[in-house]
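Below is one structure, written out as structure tokens; comments come after it.
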Amino acid sequence: MTTTDLAAGEGPVAIICGGGTFPFTVADALLRNNRQVVLFALTGWADPERVKNYRHHWAHVVQLGRFLRLARREGCRDVIFIGTLVRPSLRQLINFDLATLRVLPRAVRHFYGGDDHLLSGMARMLEDYGFRLLGAHEVAPEILVQEGALGQFGPSENDLTDIRHGFEVLRAMGPLDIGQGVVVANRHVIAVEAAEGTDQMLARVAELRRSKRFRAPLGTGVLVKAPKPGQDRRFDLPSIGPRTIEEVAEAGLAGLAVIAGGTIVAEPQIVVQKADRAKVFVAGFGETA
């Protein structure tokens, strides 16, 4: 099935909406393609001020029954997961509803593993209820980073060496389901993304600079992001946005590199403006980089 077919599908798309700007980027892209959306905003994560501009329902992350009931009433068959979310603890499952209770043993098994294992498992559960899980990029390909430099700056030869090393590190880490980002300077791994996410990893790099534990000159080093090998790309694609550029600049890095066609960009015009102003590069590379 083509992207056009998916974008034009039947009924509104249910967007299970976590934190950040990406759910709204996807919702706006779908609306531009004349596809209706219903946001299922996760309490404590989704931005209420942004959510209220769309047709929406609120739910807790473990309220499967509420989602099933409301999504069916809205006529939704297609579902997209997008937005930041810290996995709930098993203790939080005390707030589950009856539908969650029925699948609780299966849900608990999915908790023991990395994020890709968890998301793929939860997706299969929804598919068992008759829904079709889509990647945000399948219905709104314009949200993906394209190959080449996004702004007026590009990587130097030294940056390219670090970028290639970063992609090698991520390919090696991928089977372990650890993270999607790494910071490399002069072929030295400065930081690896794990549960803290990209922003906190970059904040850690900035602190390493302040404490003189990362002594490379300002403008040295790159953030590299890529999907995990074998990852189910319907969920948790690497993403960048204006805040990523700010963090890269605050960490004193030369720029950031991502996999073209495998990375979501929020507010691309603002990303380019911020990158050009900070004199850092943002570049998309092919899968074989």
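The values are calculated or read from the model by the stated rules, or taken from the named source; none is laboratory data. Since we're looking at a predicted model, the values are computed, not measured. With ideal geometry, Cβ positions are generated from the backbone for all residues, glycine too; neighbour counts draw on all protein chains shown.
I need the full set of residues from the range 18-65 which are on the phi > 0 side of the Ramachandran plot and part of a helix (DSSP H, G or I), in order please. Before you say what the answer is, go through the steps one by one.
Let us first name the residues in the range 18-65 that are on the phi > 0 side of the Ramachandran plot, namely 20, 34, 44.
Matches in the range 18-65: none.
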**Q.** Lone unmet requirement of (1) under 15 Å from L134 (Cα atoms); (2) modelled with pLDDT under 90 for R87
**A.** (1)
Q. Which residues, counting only those in the range 139-187, are among the polar types (S, T, N, Q) and closer than 14 Å to Q231 by Cβ?
A. Q180
Q) Of all the residues that make up the range 143-182, how many are part of a loop (DSSP other than H, G, I, E, B), in contact with a His (Cβ under 9 Å, 6 or more places away or on another chain) and buried (at least 20 other Cβ atoms within 10 Å of the Cβ)? A) 0
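Suppose we filter A41, A46, A14, A27 for residues that are buried (at least 19 other Cβ atoms within 10 Å of the Cβ), farther than 16 Å from T84 by Cα, touching a strand residue (DSSP E or B) at 6+ places or on another chain (Cβ under 9 Å) and modelled with pLDDT of 85 or more; which single one remains?
Working: A41 fails: farther than 16 Å from T84 by Cα; A46 fails: farther than 16 Å from T84 by Cα; A27 fails: farther than 16 Å from T84 by Cα.
None of the other options fit; the residue is A14.
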Q. Out of the range 197-236, which residues are among the β-branched types (V, I, T) and either in a loop (DSSP other than H, G, I, E, B) or under 16 Å from I259 (Cβ atoms) (or both)?
A. T198, T220, V222, V224
Q. Within the range 183-228, can you find the residues that are surrounded by fewer than 21 Cβ atoms within 10 Å (Cβ to Cβ) and either among the basic types (K, R) or on the phi > 0 side of the Ramachandran plot (or both)?
A. N186, R187, G197, R204, R209, R210, K212, R213, R215, G219
